[in-house]
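Just below is one structure, and these are the notes that go with it.
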Amino acid sequence: QVQLAQSGGGSVQPGGSLRLSCVASGIIYNIYSMGWYRQAPGKQRELVAIVITDEGTNYSDSVKGRFTISRDNAKNAVYLQMNSLKPEDTAIYYCNLDHRLGAGFPPDDYWGQGTQVTVSS
């Protein structure tokens, strides 16, 4: 069982910044990726940013250049620095962890509880 604890959400004015954190605990094997997703009202959940082990980082085009994802492998943590926030960034943000038990095993992913990010004036 893996648990993801999120923190760092809140309300901010357009152009402001927020930093989200996510720390994983429990029985963790080989982490394939850690990432952030978001879901806005009336929209389906979408990928925001992800770090894939030994491959690199991917961002949604809508946040590229404004958001930065980082990962602390020793602490099994992932962070999302959000700068130049826009009202369109308003959503519930979810942390995700994908780990593999070993070769030949399917992906095993877990989700954080979600945290609200609101950008408005």
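The values are calculated or read from the model by the stated rules, or taken from the named source; none is laboratory data. Not measured: the values here are computed from a predicted model. All Cβ positions, glycine included, derive from the backbone under ideal geometry; neighbour counts span all protein chains shown. When the accessible area is computed, the model is the full protein with side chains, heavy atoms only, and any ligands, DNA or RNA have been set aside. Shrake-Rupley method; radii C 1.70, N 1.55, O 1.52, S 1.80 Å.
May I ask you to list the chymotrypsin sites (Phe, Trp or Tyr not before Pro) in the stretch 28-82 that are in a DSSP loop and have at most 14 other Cβ atoms within 10 Å of their Cβ?
In loop regions of the stretch 28-82 (DSSP not H, G, I, E or B), the sparsely surrounded chymotrypsin sites (Phe, Trp or Tyr not before Pro) are Tyr29.
For the stretch 1-83, a simple Cβ point-charge model (Lys and Arg +1, Asp and Glu -1, everything else neutral) yields a dipole of about 260 debye relative to the Cα centre. Summarising the amide proton neighbourhood of Val48: residues at separation of 5 or more, or on other chains, whose placed amide H is nearer than 5 Å comprise Trp36, Tyr37, Arg38. Exposed loop sites were defined as trypsin sites (Lys or Arg not before Pro) in DSSP loop states (anything but H, G, I, E or B) carrying at most 13 other C-beta atoms within 10 Å; in the chain the longest segment without such a site runs 65-121.
Shown for the stretch 1-62: the carbon plus sulfur share of the solvent-accessible area, taken with all protein chains present and a 1.4 angstrom probe, equals 45%. Think of a 1.4 Å ball rolled over the protein heavy atoms: the chain then has 53 Å² of accessible area per residue.
Taken one residue at a time, the phi angles of the stretch 24-39 give Karplus couplings (6.51, -1.76, 1.60, θ = phi - 60°) of 9, 9, x, 8, 10, 9, 8, 6, 7, 7, 9, x, 10, 10, 9, 9 Hz. Gly and Pro are set to x. Among 111-118, 90-97, 51-58, sorting by the average number of other beta carbon atoms lying within 10 angstrom of each residue, highest first, gives 90-97, 111-118, 51-58.
What is the gain in length, in nm to one decimal, between Gln116 and Arg100 on full extension, counting 0.36 nm per residue of separation less the C-alpha to C-alpha distance?
Stretched fully, the Gln116-Arg100 segment lengthens by 2.9 nm.
Give, as ranges by residue number, the residues of the stretch 84-107 whose backbone N falls under 13 Å from the point 7 Å along Cα→Cβ of Ile27. Flagged as within label range: 101-102.
With the Cα gyration tensor of the stretch 64-117 giving a ≥ b ≥ c as the square roots of its eigenvalues, does the rule (a/c under 1.5 for rounded; else a/b larger than b/c for prolate; else oblate) give rounded, prolate or oblate?
Since a/c reaches 1.5 and a/b is larger than b/c, the shape of the stretch 64-117 is classed as prolate.
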